[in-house]
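Report on the structure given below.
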Amino acid sequence: MKEEAFFIQIEKKDPSPDFLDRFKNYSPLVKKGSEVRYYGSLGGVKGIVVNIDSYKWYGNIVIIHGILYMGPLGLEIADYTWIQIAGKWIFLSYTPGVWA
């Protein structure tokens, strides 16, 4: 069985243990970015690498600029906008191909 997970880095660093602990019951697993293992000459990966390059807060809204890497045939650069209402995060918008 192949391992699938989300591997997260925030501004080129692993997230804190407290941040990762928020996802302890999530499936697939959420791990720190330094745990990703690439295979093959084309840079395959078993899971999705999430690189959050930057983020900006506007009150209870956050815009996240990042890259999702799913292997040699899957790379996406985008901005994702989220809002927190009554303690829950709600996805607002997605803007592909944005360079910040």
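Can you say whether Gly47 is surrounded by fewer than 12 Cβ atoms within 10 Å (Cβ to Cβ) and either modelled with pLDDT under 95 or within 12 Å of the chain's Cα centre (by Cα) (or both), as far as the supplied structure shows?
no
How about the range 1-50: which of its residues are touching an Asp or Glu at 6+ places or on another chain (Cβ under 8 Å) and part of a helix (DSSP H, G or I)?
Passing the criteria: Gly33, Ser34.
Can you go through Lys46, Lys31, Lys56 and tell me which one is of a type outside the set (A, V, I, L, M) and touching a helix residue (DSSP H, G or I) at 6+ places or on another chain (Cβ under 9 Å)?
Of Lys46, Lys31, Lys56, the one residue that is of a type outside the set (A, V, I, L, M) and touching a helix residue (DSSP H, G or I) at 6+ places or on another chain (Cβ under 9 Å) is Lys31.
If you scan the range 1-23, which residues turn out to be modelled with pLDDT under 90, touching a strand residue (DSSP E or B) at 6+ places or on another chain (Cβ under 9 Å) and not hydrophobic (A, V, I, L, M, F, W, C)?
Listed by number, the residues that qualify are Glu3, Glu4, Arg22.
Table: residues versus (1) out of contact with any Lys or Arg (no Cβ under 6 Å at 6 or more places or on another chain); (2) in contact (Cβ under 8 Å) with a residue 24 or more places away in the chain; (3) buried (at least 16 other Cβ atoms within 10 Å of the Cβ); (4) not aromatic (Phe, Trp, Tyr).
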position	(1), (2), (3), (4)
Ser54	yes, yes, no, yes
Tyr58	yes, no, no, no
Gly71	yes, yes, yes, yes
Glu76	yes, no, no, yes
Ser93	yes, no, no, yes
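Among the residues of the range 56-77, is there at least one that is within 16 Å of Ile8 (Cα to Cα), out of contact with any strand residue (DSSP E or B) (no Cβ under 7 Å at 6 or more places or on another chain), modelled with pLDDT under 95 and not in a strand (DSSP E or B)?
Scanning the range 56-77 turns up no residue that is within 16 Å of Ile8 (Cα to Cα), out of contact with any strand residue (DSSP E or B) (no Cβ under 7 Å at 6 or more places or on another chain), modelled with pLDDT under 95 and not in a strand (DSSP E or B).
Given the structure, is Gly97 modelled with pLDDT under 95, of a type in the set (Gly, Ala, Ser) and buried (at least 17 other Cβ atoms within 10 Å of the Cβ)?
When the stated conditions are applied, Gly97 does not pass them.
The values are calculated or read from the model by the stated rules, or taken from the named source; none is laboratory data. Treat the numbers as computed from the prediction; the structure is a model and nothing was measured. Cβ sites come from the backbone with ideal geometry, for glycine too, and all protein chains shown count toward neighbours.
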